[in-house]
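Student: After the structure tokens below, expect a handful of questions from me.
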Amino acid sequence: MLFFLRMAIVLLILIGLPTLGIYWRFLRRKPQLRVWRRVLLSIVALLCIGTIWYVSSGFHTGKPEWLCRLFIHSLLGVSFAEIAICVGSLLALLFKKIPFLSRTLICLGFTMGALSLITTVMAYLIGNKRIEVKEYTFASKDLPEAFDGFRIVHISDLHLGTYTAKRCFMSKSEGETNSHSDRVNELIDKTLEQKGDVIVFTGDLVNLEAKEAEPFKEHLKRLTAPYGTYSILGNHDYAVYRHFDDKRAQIADIEHLAAIEKECGWHLLRNENAIIKKDNEQIAIIGVENDGKPPFPQLANLKKAQKGLPTDTADGKPLFKILLTHDPSHWRRNVLGETDIQLTLAGHTHGMQFKLGDWSPASWLYKEWGGQYYEGERSIVVSLGLGLGAVPFRFGAWSEICVITLKKI
């Protein structure tokens, strides 16, 4: 409940503060702009009502997806446009003694506001349609010869709860066909097209609860690869964003989701490991429970997850290990200092679903937020994810599938 309250406060501030700034700077004490005042206040009132609806009920499973998407894009478009105008206005006040520069800054603010609106329209039209495939290579002297050229298809953050909603303007059968199947099938088809030797999923299969995955079990069963499909749980998979009467109900929901993944043929690793063998040589896949910054669950146990693994291979080299961990901050906090794991795969950040060039606001919170990073001879690849999560908006940080090809040095 606290999560939803915080979310509501953030959204209301995002709407309210820039509106007050525009009113104070441009509209107060100007009778000739009375109509514009009414338009602005009407828009803000609708967005505030929409925010209360979105957080209190629309955010939950069963929401009309099209309406939520329309609301979020409207809110972000209006808010970011207002913020841009306010920033331009504040800068203009700083240089008010230089009239030309002051007017230029105001015009720049309005221009950036218009661009913000255009960006949200583009995100609304293509943000949930585009899928990118990112190719990476990781070379290691510890990799066995048999695994040279081994392809790992890495996906993350499906957030199936986003797709369980029926479009309210369709019949039940039409809604299920369009919002239940088409997009999820497209994501799975694109994943299978990469012809990976192994498929790994790094968490956040659902938004709020296990039942969101139920309609997609037949779809998820299609995610197969010659050397298996491996998965871990993400912060959303622990049902921490849904109210339960007692802890046992929450634990039962987590176990329900684990059962679904196993029923789909996935090897769910919860502080566990598995050995992949090829031509009498082997590598290890290690999967840990979620371990993120507070308030996210911190349940990983690296020591337990590596239990039973041989220290060295037959030729005396360190065993090549691949770690699946949902939150990329776990890599620097624990993995680098406590293990010799060569390659780590993570998700979680979504790149905050917004990216311009090589920059994303996710970089304010995570040192490794999207793409491939190195620390010496060790590396982490962070996926921007496939789904949308709580906010149905993507621009620049499109849905993506990561393909990592292993190379022997």
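Student: Where the second residue is in a loop (DSSP other than H, G, I, E, B) and the first is farther than 30 Å from Leu70 by Cα and lies in the stretch 391-409, which pairs have Cβ atoms under 6 Å and are six or more apart or on separate chains?
Tutor: Matching pairs, first to second residue: Val403/Gln194; Leu406/Leu143; Leu406/Phe150; Lys408/Leu143; Lys408/Asp148; Ile409/Lys141.
Student: Failed condition for Phe138, given (1) in contact (Cβ under 8 Å) with a residue 12 or more places away in the chain; (2) assigned to a helix (DSSP H, G or I), with all others met?
Tutor: Of the numbered conditions (1) in contact (Cβ under 8 Å) with a residue 12 or more places away in the chain; (2) assigned to a helix (DSSP H, G or I), the odd one out for Phe138 is (2).
Student: Within the stretch 400-407, can one find any residue that is under 19 Å from Leu205 (Cα atoms) and either open to solvent by 10 Å² or more (accessible area, probe 1.4 Å) or in contact with a helix residue (DSSP H, G or I) (Cβ under 7 Å, 6 or more places away or on another chain) (or both)?
Tutor: yes
Student: If you scan the stretch 362-399, which residues turn out to be outside any loop (DSSP other than H, G, I, E, B), over 13 Å from the mean Cα position of the chain (by Cα) and more than 16 Å from Thr344 (Cβ to Cβ)?
Tutor: Ser363, Trp364
Student: Looking at this structure, is Asp237 part of a helix (DSSP H, G or I), of a type outside the set (A, V, I, L, M) and at pLDDT 95 or above?
Tutor: So Asp237 passes the test.
Student: Can you confirm whether the stretch 328-344 contains a residue that is open to solvent by 20 Å² or more (accessible area, probe 1.4 Å) and closer than 28 Å to Ser74 by Cβ?
Tutor: no
Student: Does Lys190 meet the test of being modelled with pLDDT of 95 or more, within 21 Å of Tyr136 (Cα to Cα) and either loosely packed, with under 15 Cβ neighbours inside 10 Å or not aliphatic (A, V, I, L, M) (or both)?
Tutor: yes
Student: Next up: Which of the following residues is more than 30 Å from Leu67 (Cβ to Cβ) and among the polar types (S, T, N, Q): Ser329, Ser360, Ser383?
Tutor: Matching residue, one of Ser329, Ser360, Ser383: Ser329.
Student: Do you know which residues across the stretch 255-277 are closer than 22 Å to Gly292 by Cβ, open to solvent by less than 20 Å² (accessible area, probe 1.4 Å) and without any contact (Cβ under 8 Å) to a residue 60 or more places away in the chain?
Tutor: Of everything in the stretch 255-277, those that are closer than 22 Å to Gly292 by Cβ, open to solvent by less than 20 Å² (accessible area, probe 1.4 Å) and without any contact (Cβ under 8 Å) to a residue 60 or more places away in the chain turn out to be Leu257, Ala258, Glu261, Leu268, Leu269, Asn271.
Student: Considering only residues that are open to solvent by 40 Å² or more (accessible area, probe 1.4 Å) and either touching a Gly at 6+ places or on another chain (Cβ under 9 Å) or without any contact (Cβ under 8 Å) to a residue 12 or more places away in the chain (or both), which ones fall in the stretch 216-248?
Tutor: Glu218, Lys221, Thr224, Pro226, Tyr227, Asp245, Asp246, Lys247, Arg248
The values are calculated or read from the model by the stated rules, or taken from the named source; none is laboratory data. Owing to the predicted nature of the structure, the values given are computational and were not obtained by experimental measurement. Please note: Cβ atoms are built from the backbone with ideal geometry, for glycine as well, and neighbour counts cover all protein chains shown. For accessibility, only protein heavy atoms count, side chains too; no ligands or nucleic acids. Shrake-Rupley method; radii C 1.70, N 1.55, O 1.52, S 1.80 Å.
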